[in-house]
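The values are calculated or read from the model by the stated rules, or taken from the named source; none is laboratory data. Given the structure is predicted, the values throughout are model-derived calculations rather than measurements. In this analysis, Cβ positions are derived from the backbone assuming ideal geometry, glycine residues included, and neighbour counts consider all displayed protein chains. Please note that ligands, DNA and RNA were not included when accessible areas were found on the heavy atoms of the full protein model with its side chains. Shrake-Rupley method; radii C 1.70, N 1.55, O 1.52, S 1.80 Å.
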Amino acid sequence: MAVTVVVVSGPIGAGKTTLAQGLARRFGALHLHSEDFLRKHGGADSRRSHQDRSLALDRETGGRWLAEGVLTALHAHGPGASGRTSRLLIVDAASSEAQLDGLRGSPGLRVVHVHLDTPEPTQALRYAERRSRAMHEHEAPSPVEVAGPCEERRCAAYQDSFEAAWAHPAERAVHALASAAELVVDTARTPPDAVLVRVASRLGLYGRTGERLVDLVVPGAHDGVDPRPLMAQLAPHYAVLFRMDGPDPSPSREELEDAFARGHRVLIESAGPSASGCIQALGIAPGRVRRVVLACRSEGLAFDWVRLREAATLNAPTDLAVTLTGELTRSNWNARRFDQLTDAARHHLEELERVAGAPVSFLAPSPEARHLIERRPW
């Protein structure tokens, strides 16, 4: 499986590092700095030195130096905590077509080029702000002694004036990369969080929005409904499951988006009798819902048909999970298949299906039953 490499290009102050940090934080991307690769080739640590070195290495290697650095870092990173190599890398940043060609020609890499652009006045303002911040951090003493090598490098990078950095041939060549990018974003008109959303969408990191991956278990309006046996029986079919009123906190929207992006099925036990209220509380789109299982108790002749119909109208269930009680339990407690039920039980379940407009897919012969009878594979 190819590793996706997001290569960011753009002028000074366009927001390349902000985007890279966002992808690393939100999606676990491995953030690689081209400046780190340049430092390995020696020279000073100023922006001007980096620009000169980039041009020289492009001439010497045909732009392959950036791809070689990326492949080396990918190999050194190796399997992560999940036991596999990171499948998403972000390179901050490329500055020439030769560097992009070197990356695109590397086997095993799926390269997506994103170009960030912004007008020159905005670049100058952002450069001045970053330079001032770097200088201030450099001057402030650290808790141990004074600013260390990292702070010194950051300060050195902003010693050059914006005019000098902007006029350098390496910087001027960056503007031409917009025409070769799969996505171009004007960061003067687009805030950082919107830039992240646009890039993540271009990469397909959110998954397919219309994919139905969520199943809900909703307690019916009848008292004493216990959905836990059903949840326990269904749990092996899902990658993510939780109870709305359980001890663990509900998943965040980002956690749910990550699950959807991976195609993971999600099972939710609603705390109340409303499926729509449950998904609204979690921020889940109705189009994500695949099945709604209405759990209810059936008490034979004493059953409240009106409340069942109201619950069905409210939730539009796709399936029913029924627990038999009373006389129906005494005559069917040892049933292990639907065809072992008494005629009275079968007729009662058929009427339940007509009123609710959904099939009985799960049946507990008694409230104490530990295993539910499944009518069809889940």
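Things to note:
- Pairwise label distance in nanometres, residue 172 with residue 248, each label 7 Å out on the Cα-Cβ vector: 5.9
- Relative contact order for the range 193-285: 39 percent, from Cα pairs under 8 Å spaced at least 6 residues apart, divided by residue count.
- When you restrict to C-alpha pairs under 8 Å that are six or more residues apart and normalise by the size of the range 255-378, the relative contact order lands at 23 percent.
- Taking amide H as placed 1.01 Å from N in the peptide plane, the amide H of residue 6 sits under 5 Å from that of 89, 90, 91, 112, each at least 5 places away or on another chain.
- Under the Debye formula (equal points on every Cα, no solvent term), log10 I(q)/I(0) of the range 262-375 at q = 0.11, 0.17 Å⁻¹: -0.38, -0.84
- FRET efficiency, 1/(1 + (r/R0)^6) with R0 35 Å, evaluated for residue 338 and residue 280 via beta carbons: 0.50
- Between the helical axis of 192-203 and the longest alpha-carbon principal axis of the chain there is an angle of about 70 degrees.
- Taking only the C-alpha atoms of the range 234-316, the Rg (one decimal) and the largest Cα-Cα distance, Dmax (whole number), read 14.6, 47 Å.
- Each stretch of four or more DSSP H residues adds -39500 (n - 2.57); spread over every residue of the chain, this sum gives -12500 deg cm²/dmol at 222 nm.
- On Cα atoms only, tilt of 120-139 relative to the major axis of the chain in degrees: 90
- Per residue, the convex hull spanned by the Cα atoms of the range 1-105 measures out at 102 cubic angstrom.
- Atom-type composition of the exposed protein surface of the chain places 53 percent of the accessible area on carbon and sulfur (1.4 angstrom probe).
- Length released on extending from residue 310 to residue 262, taking residue separation times 0.36 nm less the Cα-Cα span: 13.7 nm
- Debye log10 I(q)/I(0) for the chain, one point scatterer per Cα, at q = 0.08 Å⁻¹: -0.60
- Three semi-axes of the equivalent ellipsoid, the range 158-237, Cα gyration tensor, whole Å, largest first: 55, 15, 12
- For the range 337-378 versus the range 32-72, the gap between their alpha-carbon centres in whole angstrom: 69
- Total charge dipole magnitude, the chain, about the Cα centre, Cβ charges on Lys, Arg, Asp, Glu only, Debye to nearest 20: 740
- C-alpha long axis of helix 305-315 to longest principal axis of the chain, angle in °: 10
- Simple spin-label estimate for residue 353 and residue 104 in nanometres, 7 Å along Cα-Cβ: 5.8
- Residue-by-residue Karplus 3J(HN,Hα) for the range 244-261, coefficients 6.51, -1.76, 1.60, Hz, glycine and proline x: 4, 9, x, x, 7, x, 5, x, 6, 4, 5, 5, 5, 4, 5, 5, 5, 4
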